[in-house]
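Okay, so here's the structure we're looking at.
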Amino acid sequence: MPKIADAKIAILATHGYERSELRQPLEQLRAKGAEVHVISPEDGEIKSWDKTDWGDAVPVDRTLSTASPQDYDALVLPGGQINPDILRANPEAVAFVKAFVDGGKTVAAICHGPWLLIEAGAVKGRDVTSYHSITTDMKNAGGHWQDAEVVVDNGIVTSRKPDDIPAFIAKVVEEIEEGQHPRAGGEATAREDAPAGP
């Protein structure tokens, strides 16, 4: 159970990430003492989307091809429409996310970021939220979608939009400090309130 000051956190993103959803977790988690790396398929810098147009850029700390999930305690997936749509079509990015899910590590996705959770098989049977426009995607993937600022299910943290970032970051810290979250094959086990089979 690492304290947040001892934690190592990956943020997976590419061009078109929602600026606040990467910048605020990056800066606030680093301010709490965590070692945070921006990981991307590209090296150099990746450019943000800031509300209605391209924004500033952040340096990439590790390329996806050189980063290992075993080196990190948690994964953060910022949203924006462009960023997760590109990453969910990248098999290496999906495998990276799935390794965190299967390894029982904290995985946190906000806005459209949960698209990557769908691709990694991490939504089925779980309580989740997301940006409202992908509610149907989440439900079709078997998620129990809720309209809440932050939803946690066995170390999988989801939020809806930039307004939810303070609650999102607080839950990321809490889940990291709880330690490992054992999971069955990357998918949720049967819900306690689910009806019994025949």
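Every number here is computed from the coordinates shown, using simple stated rules; none is lab data. Note that the coordinates shown come from a computational prediction; the quantities given were computed from them, not determined experimentally. In this analysis, Cβ positions are derived from the backbone assuming ideal geometry, glycine residues included, and neighbour counts consider all displayed protein chains.
Of all the residues in region 147-173, those that are in a loop (DSSP other than H, G, I, E, B) and either among the basic types (Lys, Arg) or under 16 Å from Gly79 (Cα atoms) (or both) number 3. Take the residues in region 86-124 that are free of Cβ contacts under 8 Å to residues at least 60 places away in the same chain and of a type in the set (D, E, K, R); name whichever of them is farthest from Ile169 (Cα to Cα). Restricting to residues being free of Cβ contacts under 8 Å to residues at least 60 places away in the same chain and of a type in the set (D, E, K, R), the top hit is Glu92. For the criterion of being of a type in the set (Asp, Glu) and either over 17 Å from Ala10 (Cβ atoms) or under 14 Å from the mean Cα position of the chain (by Cα) (or both), Asp50 passes.
One residue stands out among those in region 63-85 that are in contact (Cβ under 8 Å) with a residue 40 or more places away in the chain and out of contact with any helix residue (DSSP H, G or I) (no Cβ under 9 Å at 6 or more places or on another chain): the one that is surrounded by the most Cβ atoms within 10 Å (Cβ to Cβ), which is Ile82.
Considering region 9-35, and only residues there that are under 14 Å from Ala108 (Cα atoms) and over 13 Å from the mean Cα position of the chain (by Cα), the residue that is surrounded by the most Cβ atoms within 10 Å (Cβ to Cβ) turns out to be Leu29.
The residues on offer are Lys161, Lys98, Lys105, and the sole one that is within 14 Å of the chain's Cα centre (by Cα), buried (at least 21 other Cβ atoms within 10 Å of the Cβ) and among the basic types (Lys, Arg) is Lys105.
In region 1-102, counting only helices (runs of 4 or more DSSP H) that sit wholly within it, the ones holding 1 or more residues that are β-branched (Val, Ile, Thr) and either in contact with a Phe, Trp or Tyr (Cβ under 8 Å, 6 or more places away or on another chain) or under 18 Å from Ala120 (Cβ atoms) (or both) span 82-88, 91-102.
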